[in-house]
Amino acid sequence: MDARAWDDRYAASELVWSREPNQFVAAELADLPPGRAVDLAAGEGRNAIWLASRGWSATAVDFSQVALDKGARLAGDLDVTWVCADATTWQPPTPVDLVVVAYLQVPEADRRRAVRSAVGMLRPGGTFLLVAHDSTNLADGTGGPQDPAVLMSAEDVLGDLEGIDVEVLRAERVAREVAIEDPHGGEQRRTAWDCLVRLVRASAPTTEPSRP
């Protein structure tokens, strides 16, 4: 991961991502009572801003300071803390009620570290929600990264959590409709495939299992 490259990308346009929260984040979390939330790999903070607008105390973590600065301007007086850090290892000072990981597309070892770190920062009973480009999107869907090494399935994410006591609420492939401009100035609708994992932490993680 190259923070400078992402700084350049975020600096090149007004907004890289939409102002609205990810559709799955909004659908899955709309009914949760507000508490303390972390948005990992937050980019411009659209999910953190949405959570804060619903009463959450949110922390947005990303390694691009340019993205975070843009998010802070968008957030105004909403309760969002902006932290420039590595989303795969950063930890809050105290446990939180919710962690969102949306489209953190990194190789397997980094993903495993990020997922375990994210669940580890939850209080017992806290919610973890991950949405990412699914491994099947390369062949079956549209858009997204074209490197299979940074794609994943719900089963991959659950495998990353070996030894951690969680209650799985959802772990599946989900469809996302994408608007694609056609050569004649019109618009077509195509299907992208994401993986979605929602779970609740039941207890503290056990010791990392040893490797041969």
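The values are calculated or read from the model by the stated rules, or taken from the named source; none is laboratory data. Small disclaimer: the values here were computed from a predicted structure and weren't measured. Neighbour counts are summed over all protein chains in view; Cβ atoms, including those assigned to glycine, are modelled from backbone coordinates with ideal geometry.
The rows are residues; the columns are (1) free of Cβ contacts under 8 Å to residues at least 12 places away in the same chain; (2) loosely packed, with under 13 Cβ neighbours inside 10 Å; (3) among the charged types (D, E, K, R); (4) within 23 Å of ILE49 (Cα to Cα).
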{"position": "LEU104", "(1), (2), (3), (4)": "no, no, no, yes"}
{"position": "ARG113", "(1), (2), (3), (4)": "no, no, yes, no"}
{"position": "PRO124", "(1), (2), (3), (4)": "no, yes, no, no"}
{"position": "LEU129", "(1), (2), (3), (4)": "no, no, no, yes"}
{"position": "VAL150", "(1), (2), (3), (4)": "no, no, no, no"}
{"position": "ARG170", "(1), (2), (3), (4)": "no, no, yes, no"}
{"position": "ARG198", "(1), (2), (3), (4)": "no, no, yes, yes"}
Can you spot a residue in the stretch 97-104 that is within 13 Å of the chain's Cα centre (by Cα) and either modelled with pLDDT under 95 or aromatic (Phe, Trp, Tyr) (or both)?
yes
Of the residues that make up the stretch 172-179, is at least one β-branched (Val, Ile, Thr), touching a residue at least 60 places away in the same chain (Cβ under 8 Å) and either closer than 27 Å to GLN91 by Cα or surrounded by 14 or more Cβ atoms within 10 Å (Cβ to Cβ) (or both)?
yes
Just to check your reading of the model, which residue among ARG170, ARG189 is at pLDDT below 95 and of a type in the set (D, E, K, R)?
ARG189
Consider the stretch 63-115. How many of its residues are part of a loop (DSSP other than H, G, I, E, B), among the aromatic types (Phe, Trp, Tyr) and in contact with a helix residue (DSSP H, G or I) (Cβ under 6 Å, 6 or more places away or on another chain)?
1
Which count do you get for residues in the stretch 48-62 that are assigned to a strand (DSSP E or B) and farther than 23 Å from SER117 by Cβ?
0
Only listed residue being out of contact with any Phe, Trp or Tyr (no Cβ under 7 Å at 6 or more places or on another chain), under 28 Å from TRP193 (Cα atoms) and at pLDDT 95 or above, chosen from LEU130, LEU122
LEU130
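Given the criterion within 19 Å of VAL157 (Cβ to Cβ) and at pLDDT 95 or above, identify the matching residue among ALA60, ALA87, ALA52, ALA109.
Checking each option against the conditions leaves just ALA109.
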Among residues of the stretch 37-81, those that are without any contact (Cβ under 8 Å) to a residue 40 or more places away in the chain and over 14 Å from the mean Cα position of the chain (by Cα), counted:
17
